[in-house]
Structure formats: structure tokens, C-alpha cells
There are 2 protein chains.
Amino acid sequence: MDPCDSNPLSRKLGAFVVLSGDELSILAALHQRRRCFVAGRDLVRQGQSQHAAYILASGWVCSYKIQADGSRQIIDFQIPGDFLGLRSVLLRTSDHSFEPIVDCEAAEVSASDLIVAFEQAPRLAAAVLWAASRDEAMLVEHLVGVGRRAADARVAHFLLELCSRLALVGLGNREGFDCPLTQYHLADALGLSAVHVNRVLRSLRERKLATFRDNHVCFHDYDQLARMAGFDDTYLDQSLPLLRRP
Amino acid sequence: MDPCDSNPLSRKLGAFVVLSGDELSILAALHQRRRCFVAGRDLVRQGQSQHAAYILASGWVCSYKIQADGSRQIIDFQIPGDFLGLRSVLLRTSDHSFEPIVDCEAAEVSASDLIVAFEQAPRLAAAVLWAASRDEAMLVEHLVGVGRRAADARVAHFLLELCSRLALVGLGNREGFDCPLTQYHLADALGLSAVHVNRVLRSLRERKLATFRDNHVCFHDYDQLARMAGFDDTYLDQSLPLLRRP
DNA sequence: CGGCACGTTGAATGCCATCAAGTGGGGTGG
DNA sequence: CCACCCCACTTGATGGCATTCAACGTGCCG
């Protein structure tokens with residue numbers, strides 16, 4: 001079996017750096033301590049300290065922050081191949097919570113696991129740093145969306161970005177992708193009400209741009225949707241200048 | 001002269017790690033290549049590559065992203081002691097722009113400068129990583145504000161966070177602080193219109209909570225303002241568990 | 001069968017954007 | 001020295017987008 005297929009993280013990093021066999025097996029070794037989590041039960045709670053970091057192997061997770069008045073803002077969704085709580089394991093108690101959206105499987109990694117891996121394969125460190133930098137670029141783009149985009153462009157942009165991320169690990173393409181999120185998840189992520197998300201989705205459907213139904217997103221006119229959303233994916237797929245070639 | 005006073009970065013990091021004399025002089029050495037920038041002329045333009053990183057020594061800068069329709073979202077403000085473009089110097093072309101809000105002074109640092117400094121004083125690396133992590137926590141909180149807070153709480157929270165940051169480098173306290181921002185800056189940062197920012201500021205003034213006028217923010221009732229804004233500053237001043245003591 | 005979660009739709013309210021007009025200070029040039 | 005302009009701020013009027021409240025439909029599961 002090709003290790004790329006068994007391991008979404010390798011697939012993601014491999015899209016930007018040509019990974020050697022050694023590097024692939026080091027990545028695979030990081031996946032040893034597997035743990036399972038059930039949908040809906042928080043993996044890490046806001047304010048908790050001393051928790052591990054994870055690499056998500058299968059399933060979807062969201063990171064969010066709850067406010068005093070009960071409203072919730074979803075910061076980001078994690079899909080297979082993504083890190084989870086990477087920063088907080090090194091430095092601080094967690095300032096937000098993680099909730100599995102579906103049952104999922106994740107590999108627990110400690111700070112020392114990572115340090116050992118980086119010593120054995122320094123290019124991995126740069127690749128992981130690249131991934132972290134990409135995550136932050138997505139966070140910035142998320143802020144722009146919530147701050148400055150109209151509701152329909154915001155929803156559209158979100159779906160397109162998600163698609164690009166999923167495509168990188170083989171879980172989607174320009175036709176569409178499977179998506180376990182509810183309209184409530186979209187609302188909490190996009191700073192909208194669930195009712196309004198529903199209306200926006202109906203509008204996208206009626207305009208023959210995209211359909212989100214039965215846990216599946218289907219793009220009917222990808223290019224026009226991207227135009228309407230102002231979607232420019234350069235912030236997602238910059239390659240690593242430092243690591244062009246081994 | 002106490003090096004802490006001459007150097008806001010030392011002061012900021014020194015609030016969380018006890019820095020030795022050696023570490024202080026290494027930090028001071030990073031400030032060698034000083035450059036000046038005039039207000040309003042972009043320091044780094046969106047899409048530009050191959051630029052340096054900076055440590056801001058005096059003045060204010062904002063990082064922002066412009067959209068196709070001309071609207072602008074300010075990502076963050078940089079105040080003395082903050083890094084500027086740290087991530088992009090290591091990894092990628094810049095995905096956003098930097099604009100000096102007032103004339104300011106910054107020290108240019110290259111990736112290799114940093115690496116050398118970190119080799120000489122490894123605890124500095126951890127401290128800088130801590131600062132970067134704090135920046136990201138602020139970005140998350142910014143997203144929460146734009147996504148989930150009403151306009152008055154959003155403005156109030158922004159002013160309170162800014163105050164905490166400035167206090168760390170000796171530029172503010174619970175009474176208030178000097179602030180060169182215009183209402184347009186607030187609007188672009190908070191996802192509001194400038195007209196509405198003006199109304200919100202008036203309301204805060206009339207409710208005797210805070211006044212922002214003539215480049216100065218004055219808190220009249222800090223505690224009530226913090227309560228109204230839901231401001232909880234734990235995300236700002238977590239100390240570094242790894243570096244409690246040398 | 002009832003309960004529950006998610007989705008869907010209608011109606012009314014309201015927050016905030018937009019348009020418009022006007023104030024006042026600071027700088028520039030005649 | 002004054003006219004002029006520009007920028008930041010201010011305030012009012014209007015309207016729209018999104019929220020809120022409410023009700024109902026549907027599929028799933030105990």
C-alpha cells in the first residue's frame with residue numbers, strides 16, 4: 001500500500017515537498033498512538049491545560065470559543081491531515097475548545113515526539129511550519145470574510161476554501177465533496193444565524209451555483225461561484241520556496 | 001540607561017521571562033539596522049515577496065488586506081515591541097500589506113539574524129515563539145469580536161485589548177492611552193462603517209464609560225467597560241510555563 | 001408513538017450601512 | 001492674512017440585510 005494513501009498528513013505535506021522514503025516512515029511513526037473520539041464530546045475544553053496535540057487521521061473536528069452570553073464562534077475546522085492544538089501543547093493552556101463533528105480518529109503526539117522527528121528529518125520541520133503558516137493565512141482570510149463579505153459571498157467562499165483543503169488530501173474536487181457539517185456549524189463559523197444560512201443556501205441553489213444537501217456539497221458552476229465569492233486561492237497553495245528540491 | 005526602557009521588545013519579553021544581561025544585549029544587537037518609515041506609505045505590499053521582517057521600535061503600523069471591491073479589513077495593529085512580517089520572511093510571499101499609521105522607526109531583521117540570536121540565547125527563541133502565539137490568540141479573539149459581538153462591545157473590547165498591549169510596553173494604563181488611530185482605522189479593523197463607529201463612540205462617551213478624542217483614549221469606568229465588553233484578558237498574559245526560571 | 005435534531009419557511013423587528021450635508025482644524029498658496 | 005481645500009469628525013434620514021420569534025416538516029431512534 002502506498003503510504004500516501006494511508007496517511008493524509010503525508011499526502012498534504014507531500015503536495016508541497018517531495019518526501020523521501022525515510023521522511024514518509026518518520027511521519028507514519030508519528031501516527032502510532034491512535035485514539036478515537038466520538039462526535040459531540042469535546043476533545044479539549046477551553047481553559048484546560050496540559051493536553052496533548054493530535055494529528056487528525058479521519059473525521060472532522062472544529063475549534064471554537066464560547067462567550068459568556070452563550071454564543072459560539074467557530075475558529076476553524078480540522079480535516080484529515082490537520083494538526084490540532086499544536087501551538088498550545090508547546091506554550092500555553094488552550095484558549096479554545098475542540099469538538100469532534102463526527103466520530104474520528106487522531107494520533108496523539110507530544111512535543112518530544114515532534115522534536116525527535118524534526119531532528120531525524122529537518123525538512124519535516126519546515127514542512128510543518130509551512131502548514132502552520134497556511135493555517136494562519138486561512139484564519140486571516142476567515143476574518144476578512146466575517147468582517148467584510150456579504151452573507152452569500154461569505155458562505156460561498158467558505159465552501160470553496162473547504163473544497164481546496166479537502167482536495168489536497170483527496171477528499172474533494174471541483175465537482176463537490178462530502179461534508180458532515182450542519183447549517184448550525186456554518187452559522188457559528190460564519191457569524192450568521194442558522195436561519196439565514198438556510199436562506200443563503202437556498203439562494204445559491206436557486207441561482208444554480210451550488211447545492212448543500214444530505215451531507216454533500218455539489219458545485220454547479222464553480223467558476224461563477226468563485227467569481228461571486230471573490231475567491232482567490234493563492235493564499236492556500238503557495239509552495240515552499242526553501243524546499244523546492246531536496 | 002536601563003536597556004528595558006530603550007527597547008520595547010525587551011520590555012515586552014521581559015515581562016514574561018527574566019532576561020539575563022547577555023540576552024538583553026543580544027536583543028539590543030537585533031535593533032542595529034534601523035529604518036524610518038513615513039505615515040501612509042505602505043511598508044510591504046500585498047503579493048510582494050522577498051521582503052525583510054521588522055521589529056517596531058516606535059510608532060504604530062497596521063496590517064490589512066484589500067478586497068476586489070475596495071473594502072479593507074485591518075488584521076492587526078502593531079505597536080512598539082511587536083514583530084512585523086515575521087512569518088512571511090521565513091516562508092512565503094506576503095498575503096497582506098503593512099501601512100505605517102504615523103511616522104515610525106523599525107529595525108530590519110533577516111532570518112539569519114534571528115537564527116544566530118536563537119543559537120546564542122535559546123530562551124529567546126521560546127520567548128519569541130510565545131509572542132507569536134500571543135499574536136495568534138489575539139487574532140482569534142479579533143475573529144470572535146467581529147463574528148459575535150455587538151458593535152458597542154466590539155469597540156469596547158478592542159480598546160481594552162489595545163490598552164493591555166500598550167501597558168506591557170509602558171504606553172498605557174487603566175486610565176487610558178495615547179492613540180493615533182482615526183475612526184476609519186477602527187471601522188476597518190472592526191468590520192463596521194466609520195459612521196457607525198462614530199455613533200458607538202458617542203454612546204460610550206454618553207454612558208460615561210470611555211472617551212476617544214484628540215488622539216487619546218480615556219477610560220472613565222474601566223471595570224464596567226470590561227464587563228460590558230466581556231473582556232477577559234487571560235488570553236493575553238499567560239506566562240510561559242517552560243521558562244519560569246532560567 | 002413521542003422525542004429530538006436538523007432543516008425550512010414566514011413575518012416582524014432592529015441593527016447597522018449608506019447617502020447626504022455640515023462642522024472645524026490644519027496646511028497651502030495666492 | 002485670508003481663501004481654499006482636505007481630512008477627520010459629526011449628525012440626521014432612509015433603507016436593507018440579517019436577526020429573532022414562531023411554526024411546521026421530516027427523518028431517525030429509543
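Between the range B:86-129 and the range B:22-64, what's the alpha-carbon centroid distance in Å? Spelled out, the Cα-based centre of one part sits 8 Å from the other. Angle between the Cα long axis of helix A:21-30 and the longest principal axis of chain A, 0 to 90 degrees, nearest 10? On a 0 to 90 degree scale, this one is about 70.
The mean sequence distance of close C-alpha pairs (under 8 Å, at least 6 residues apart), as a share of the length of chain B, puts its relative contact order at 21 percent.
Of the peptides A:167-173, B:183-189, the order by per-residue mean of other Cβ atoms within 10 Å, starting with the highest, comes out as B:183-189, A:167-173.
Peptide A:62-72 has a mean shielding of 3, counted as Cβ atoms of other protein chains within 10 Å of each residue's Cβ.
Computed from backbone phi with θ = phi - 60° and the Karplus coefficients 6.51, -1.76 and 1.60, the 3J(HN,Hα) list for the range A:200-206 is 5, 5, 4, 4, 4, 5, 5 Hz; x is used for glycine and proline. Quotient of the Cα radius of gyration of the protein assembly as shown and 2.2 N^0.38 Å, N being its number of residues: 0.97.
Taking θ as phi - 60° and the Karplus parameters 6.51, -1.76 and 1.60, the scalar couplings of the range B:56-62 work out to 6, 9, 8, x, 10, 9, 10 Hz in sequence order, x denoting glycine and proline.
For the residues of A:229-235, the average number of beta carbons from a partner chain within 10 Å of their own beta carbon is 2. Would you mind classifying the range B:189-232 by shape? Square roots of the alpha carbon gyration tensor eigenvalues, ordered a ≥ b ≥ c; an a/c under 1.5 is rounded, otherwise it is prolate if a/b is larger than b/c and oblate if not. Because a/c hits 1.5 or more and a/b fails to exceed b/c, the range B:189-232 counts as oblate. The simple Förster model, with R0 at 41 Å and r as the Cβ-Cβ distance, assigns B:Asp214 and A:Thr234 a FRET efficiency of 0.50. Principal axis extents of the Cα atoms in the range A:4-55, from largest to smallest and rounded to whole angstrom, are 38, 22, 20. Peptide B:203-211 has a mean shielding of 0, counted as Cβ atoms of other protein chains within 10 Å of each residue's Cβ. Each copy carries a label point for B:Cys36 at 7 Å from Cα toward Cβ; from one copy, the others' points are 6.7 nm away, ordered from shortest. Think of it as helices only: each DSSP H run of n ≥ 4 in chain A is worth -39500 (n - 2.57), and spread over all residues that comes to -13500 deg cm²/dmol at 222 nm.
Remark: spin-label model distance A:Ser164-B:Ser112 equals 3.3 nm, labels positioned 7 Å along the Cα→Cβ axis. Against chain A, whose longest principal axis comes from its Cα atoms, helix A:111-120 is set at around 70 degrees. Using a Förster distance of 51 angstrom, determine the FRET efficiency expected from the C-beta separation of A:Glu175 and B:Ala151, and round it to 0.05. Working from the Cβ atoms, E equals 0.80.
Our summary of shape: the Cα atoms of chain B have principal axis extents of 53, 42, 31 Å, ordered from largest down, in whole angstrom. Rg and Dmax of the range B:3-122, based on Cα coordinates, read 14.9, 51 Å.
Computed on the range B:137-235, with alpha-carbon pairs under 8 angstrom and 6+ residues apart, the relative contact order is 32 percent. Sort the range B:137-235 into rounded, prolate or oblate with this rule: let a ≥ b ≥ c be the square roots of the eigenvalues of the Cα gyration tensor; rounded if a/c is under 1.5, and if a/c is not under 1.5, prolate when a/b is larger than b/c, oblate otherwise. Cα axes put the range B:137-235 in the rounded bin. Principal-axis analysis of the Cα atoms of chain B puts helix B:122-148 at an angle of about 20° to the longest axis.
Bear in mind these aren't lab numbers, they're just calculated from the coordinates by the rules spelled out. Keep in mind that this is a model prediction, so the values were computed, not measured. Glycine gets a Cβ as well: all are built from the backbone with ideal geometry, and neighbour counts include every protein chain shown.
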